[in-house]
Structures are given as structure tokens and as C-alpha cells.
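The values are calculated or read from the model by the stated rules, or taken from the named source; none is laboratory data. Just so you know, these numbers come straight off a predicted model, no measurement behind them. No Cβ is skipped: glycine too gets one built from the backbone with ideal geometry, and neighbour counts run over all protein chains shown.
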Amino acid sequence: MAGATDPVTQTRTINVSILNEDNHKEWKDDILLQLRLLELDYAVLNEEPPEVNEESTGEAMQLREQWEKSNGLCVLFIKSRISRKIRFCFEDIRKVKPLLKAIDDNFIVSKKILAITLVMKFRNLRLSTIKGTRKHIMQLMDIAAQLKKLEIIVPDDFLVRFALDTLPQEYNPFMISYITHKVDWSINELITKCAMEERRLVPKLGI
């Protein structure tokens, strides 16, 4: 029937998302799986055979033809699943293995830069006023969550102690109480207790 979908082809396809700034690992896994399912990954799995010349055997010519077909389709498909914002970085690469390596290298560098930026932001984030403890601590939690995606783990107990250390000096007695009693709070308990302390301090200091 015209326009009908081949059930075999349909079972061999998956939804490959568009490559952007934060999905490289999942994207590459999906790309390689899709090429494997479609049996197009010969050029990914094998080294490029020599160019055909007058001395090439029939087998060598066949291998070259197979590689060129696979390479062309792989490059075309991979580039079609890259965001236009970053595709220009790879436009001149015509071979699939160098293309995949260039994409990997690009995201390794980007990942390092992002990690350094987030660590600096985390380290420098301070609350300068009495109010806004909940929002402030949730900002720290959000940065910690972003770092976790980059495989940089901020332990919960460290996050609690660090968050306390970023509060203004008016919270010093509150911090001393935490240290003296050696009570381990979860980050959610810290948010609740800081909100209670904030409500106590605001009228006391006339803010």
C-alpha cells in the first residue's frame, strides 16, 4: 500500500534527540544504537579502506564502496541530529570517525568549562541579607544538582555545612547551635530551620 510504514523498518528506529549543550552522552548512545539498528555503522566499526586504484582487487573495491556508502549516510544522519547553533563547528568534517571524535572533544572541553564556572559560582554564592534563606539554599542545591550531572558530587552533609557558612553574621548563634549539638540535618531540614530562624530575626532586628 502506498504510504504504508514498513513494520521491520519501524522496529529498527528510535527517536534520536537533537544534540545540544547538555545531552551529549545520551545523544551519542542513541546515535550509535540507531546506526546499528539500521545496519549503517560499517564505517563506525571499521577503519577506512585504501582508495581504489588500478591494482585494487574486486574485494578491495567492494569494501571501499561499502565504507563510502556507510560513511556518507552516517555523517548525513549525525549532522541532521545536531542543533543548528553548534552544527557549524563540524560542517567541514566529511568522515564519521573524525566527526564523532570532534563532537566528543568539543563537549569534553565544554564540560570542563561549565564545571569550573559552576564550582566558582557555588563557592562565591553568599547571602548578604537576613531575608531569603530558602531561596538562597535552593540556589546552592540547584548548582549542586547541575554539578552532579557533570559527575561532580557534592555530599549532602557538606552542602548543609557549606550553606550554613554562606549565611550572614546574624545567623552565627544559629550556626554555633548546630555545631555544638552535633546534629546532622538534611538539606530540607536546614531550609525549614533557617526559615524559622529568619522569621525570628526579622522582627528582632526591625527589618
Within the range 128-148, can you find the residues that are closer than 17 Å to K111 by Cβ and surrounded by 13 or more Cβ atoms within 10 Å (Cβ to Cβ)?
I143, A144, Q146, L147
Quick one: what pairs do we get from the range 175-187, first residue over 23 Å from A144 (Cα atoms) and aromatic (F, W, Y), second outside any helix (DSSP H, G or I) and at pLDDT 85 or above, C-beta under 8 Å, 6+ apart or different chains?
none
Take I31 and decide whether it is modelled with pLDDT of 95 or more, not in a helix (DSSP H, G or I) and not charged (D, E, K, R).
no
Among I113, I93, which is the only one that is of a type in the set (V, I, T) and at pLDDT 95 or above?
I93
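Assigned to a helix (DSSP H, G or I), of a type in the set (D, E, K, R) and either surrounded by 15 or more Cβ atoms within 10 Å (Cβ to Cβ) or in the same structural domain as L33 (by TED's automatic domain parsing) (or both), is that true of E54?
Working: assigned to a helix (DSSP H, G or I): no; of a type in the set (D, E, K, R): yes; either surrounded by 15 or more Cβ atoms within 10 Å (Cβ to Cβ) or in the same structural domain as L33 (by TED's automatic domain parsing) (or both): yes.
When the stated conditions are applied, E54 does not pass them.
Just name the residue that is nearest to I31 (Cα to Cα) out of those in the range 78-91 that are in a helix (DSSP H, G or I) and hydrophobic (A, V, I, L, M, F, W, C).
Of the range 78-91, the ones in a helix (DSSP H, G or I) are 78-80, 84-90.
If we keep only those that are hydrophobic (A, V, I, L, M, F, W, C) as well, we get 78, 86, 88-90.
On the way: I78: 7, I86: 17, F88: 19, C89: 18, F90: 16 Å.
Only one residue tops the list, namely I78.
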